[in-house]
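Values quoted throughout were computed directly from the atomic coordinates according to the rules given, and no laboratory measurement underlies them. Values in this document were obtained by computation on a predicted structure and should not be read as measured data. Please note: Cβ atoms are built from the backbone with ideal geometry, for glycine as well, and neighbour counts cover all protein chains shown.
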Amino acid sequence: MSDLTCNVADGKYTVILEGGRLYALRNGEPWQELLGNKLVLCLAQELEEARGWVKDLHSGMYINCVYCGHRYGPSESTPASMADVLKAHVEQCPKHPMSALRAIAQRLLGLVPPPQCAHGFEGQDTFFPCGKCEECKARAEMKEAVG
């Protein structure tokens, strides 16, 4: 049994760490000895670790949003794949950095009317930011950047 087996290119190449020996197969046949090739070893280990994370996302384990802490799962309460659920959450998570960018982009494109800030004053064609809330700060920065 090997310590690490990592297949790439639809199985054409296989990197194997077995009892301290690092080597590669090509089409299932011995191809190269990789003794001392730390780069290949690290890449194979990281690839297998990333593949493990993907399996976890699809296996029905709980996952959390790193920005707001919202918890999803397990699979019996979440019918879609966990990766899809997390992507959908990121699109609407108010604490995710992309939320502010999306809101600005939507307003610039005229898709969503600007909200009424409790601190600022919005006239017919002007907006006077309060400078306190994130919305006002973002709108002031955008207005300054646009000119």
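For segment 1-58, a simple Cβ point-charge model (Lys and Arg +1, Asp and Glu -1, everything else neutral) yields a dipole of about 100 debye relative to the Cα centre. For Glu48 and Val90, the FRET efficiency from 1/(1 + (r/R0)^6), where r spans their Cβ atoms and R0 equals 25 Å, is about 0.50. For Leu4, the residues 5 or more places off, or on other chains, whose built amide H falls under 5 Å of its own are Leu17. Sequence-ordered 3J(HN,Hα) estimates for segment 84-98 from the Karplus curve with 6.51, -1.76 and 1.60 and θ = phi - 60° stand at 5, 5, 5, 4, 5, 5, 4, 5, 10, 5, x, 9, 6, x, 5 Hz, glycine and proline given as x. Between Leu108 and Leu4, the distance separating the two model label sites (each 7 Å from Cα on the Cα→Cβ line) works out to 4.3 nm.
Relative protection proxy for 63-72, 15-24, from highest mean packing down: 15-24, 63-72 (other beta-carbon atoms within 10 angstrom).
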